[in-house]
Amino acid sequence: MNALGFAAQSAASPLESFAFERRAPRPDDVVIDILYCGVCHTDVHMARNHFGFTTYPIVPGHEIIGRVREVGPGVSRFKAGDMVGVGCMVDSCQHCKPCLKGWEQDCVEGPTFSYNGQDRQGGSITYGGYSDSIVVRDKFVLSLPGGLDPAGAAPLLCAGITTWSPLHRWNVGKDSKVAVIGLGGLGHMALKLAKALGADVTLFTRSAGKEQDAFRLGADHVVLSSDPEQMEAVAGRFDVIVDTVPYDHDVNPYMPTLALEGVLVLVGYLGPLGTPVNAGGVVRGRRAISGSFIGGVPETQEMLDFCGRHGIVSDVEIIPIQKINEAYERMLKSDVKYRFVIDMASLKS
Ligand code: NAP
Ligand code: ZN
Ligand code: ZN
């Protein structure tokens, strides 16, 4: 199937227009015309090979909203014209323990990622959502609840589920005190979701000047993490901290802000921490450091339905795809409020 997108040809080259072939649809596939695709910090990591396993050319994008063009004969959940979403995964083994629990992201055989993955049957490399269309196994297609703005909903497919999953796992509700580290794409969704779940919500930020936005997005309190007095003032406070910082950073200053049995959940950074964790900060107070990787397909649909009921979408800056390289540079400077979303109609211009 012919497709058009934007790709990086190497870690050092900008993304440029790229015509390519998508695999032919199988009986259980959904063919989707992409309308919007969010720009996740992971796209930058992958396009620039920060993790060391990028295959080029790479077409990034895993916050996809589109309209169903056609479905295979084995598909009953969707029909042409439906508004749907696709996130970070397009397939998994479907028989291992995590898959059977609906945690396809932790599939023992490895899920097939929406880009830079390998199709389980044909072996072709997957290309993501910075493109006009995509072919996805029906089990990995999500229904977009009516009433949600499609551009604003796109980031729910990664930023939304990645922050929803730990909030859900750690039973965040109206009696919870939650903190979020970093106000970017993931961080702003974490504020909105934690607030909608009824929690008392705090933002930790290194950027003075984000306070008013944080309050508007759902924060009850804002703490400048570089100010020791402000850090001291929230000692022993949080049940759950969601840490969205994308690069190596010292987690030790946050540990004393956890309440008894509180947990700091790493979602932003996946590499070795340069500053060793002081075990004392975990041992005292029965505290924990945990982690969380996107979320499974069933909980992604739960999150979307929750957002549909609560009218939650991402705050987006819509860009034409020709501005993608500029968007990456601005994201690296934290200059985005709070997610870039590509209007895929721009591909035709
Ligand atoms: P983003 O929009 O760039 O936001 C990151 C925020 O972190 C920034 O706005 C900034 O907030 C803070 N920050 C940035 N650099 C920092 C530094 N060096 N030290 C301290 N704080 C820093 O990124 P995003 O799209 O939210 O993604 C965040 C990370 O999550 C990325 O690394 C991405 O790959 C990862 N991710 C993980 C998963 C998963 O499944 N676990 C899923 C999606 C994304 P302030 O200015 O407020 O401090
Ligand atoms: Zn992402
Ligand atoms: Zn599996």
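The values are calculated or read from the model by the stated rules, or taken from the named source; none is laboratory data. Remember, predicted model here, so these are calculated numbers, not experimental data. With ideal geometry, Cβ positions are generated from the backbone for all residues, glycine too; neighbour counts draw on all protein chains shown. Areas reflect the complete protein model, heavy atoms only, side chains present, ligands, DNA and RNA absent. Shrake-Rupley method; radii C 1.70, N 1.55, O 1.52, S 1.80 Å.
Measuring only protein heavy atoms, the 1.4 Å probe finds L217 accessible over about 10 Å². Across the stretch 60-107, C-alpha contacts under 8 Å between residues 6 or more apart give a mean separation that, scaled by the residue count, equals a relative contact order of 30 percent.
Could you name the lysines whose alpha carbon sits less than 21 Å from that of K323, not counting residues in the same chain fewer than 8 places away? Straight-line reach from K323, under 21 Å: K333, K337, K348. Ligands, DNA and RNA excluded, the heavy atoms of D149 present near 80 Å² of accessible surface to a 1.4 Å solvent probe. Remark: spin-label model distance V108-I125 equals 3.0 nm, labels positioned 7 Å along the Cα→Cβ axis. Just so you know, the Rg over Rh for the stretch 160-291 is 0.92, from Cα atoms, with Rh as the Kirkwood radius. Using θ = phi - 60° in the Karplus curve 6.51 cos²θ - 1.76 cosθ + 1.60, the 3J(HN,Hα) couplings for the stretch 210-223 round to 9, 4, 4, 4, 4, 5, 4, 7, x, 6, 8, 9, 10, 10 Hz; x is entered for Gly and Pro.
Once the chain from F293 to E21 is taken as fully extended at 0.36 nm per residue, the excess over their C-alpha distance is 95.0 nm. In this Cβ point-charge picture (+1 for Lys and Arg, -1 for Asp and Glu), the stretch 160-291 has a dipole of about 340 debye about its Cα centre. Between D227 and A11, the FRET efficiency estimated from the beta carbon spacing at R0 = 51 angstrom works out to 0.90. The H on the amide N of E317, modeled in the peptide plane, is under 5 Å from the matching H of Y338, R339, F340, V341, each at least 5 residues off or on a different chain.
Here the calculated FRET efficiency for N2 and Q212, from their Cβ-Cβ distance with R0 = 41 Å, stands at 0.30, rounded to the nearest 0.05. Judged by the mean number of other Cβ atoms found within 10 Å, the most tightly packed of the peptides 20-28, 81-89 leads the ranking 81-89, 20-28.
Ordering D43, D248 from largest to smallest accessible area (1.4 angstrom probe), what's the sequence? Working shown, then result.
Working: D43 0, D248 80 Å².
The residues order as D248, D43, largest area first.
Each label was represented as a point 7 Å from its Cα along the Cα-to-Cβ direction; for E70 and N171 these points are 5.0 nm apart.
Hydrodynamic radius of the chain by the Kirkwood approach over all distinct alpha-carbon pairs: 20.5 Å. Under 19 Å from a label point 7 Å along Cα→Cβ of S349: give me every residue in the stretch 312-337 with its amide N that close. Once the point is set 7 Å along Cα→Cβ of S349, 316-328 turn out to lie under 19 Å by backbone N, inside the stretch 312-337. Packing around the peptides 68-78, 151-161, taken as the average count of other Cβ atoms within 10 Å per residue, puts them in this order, highest first: 151-161, 68-78.
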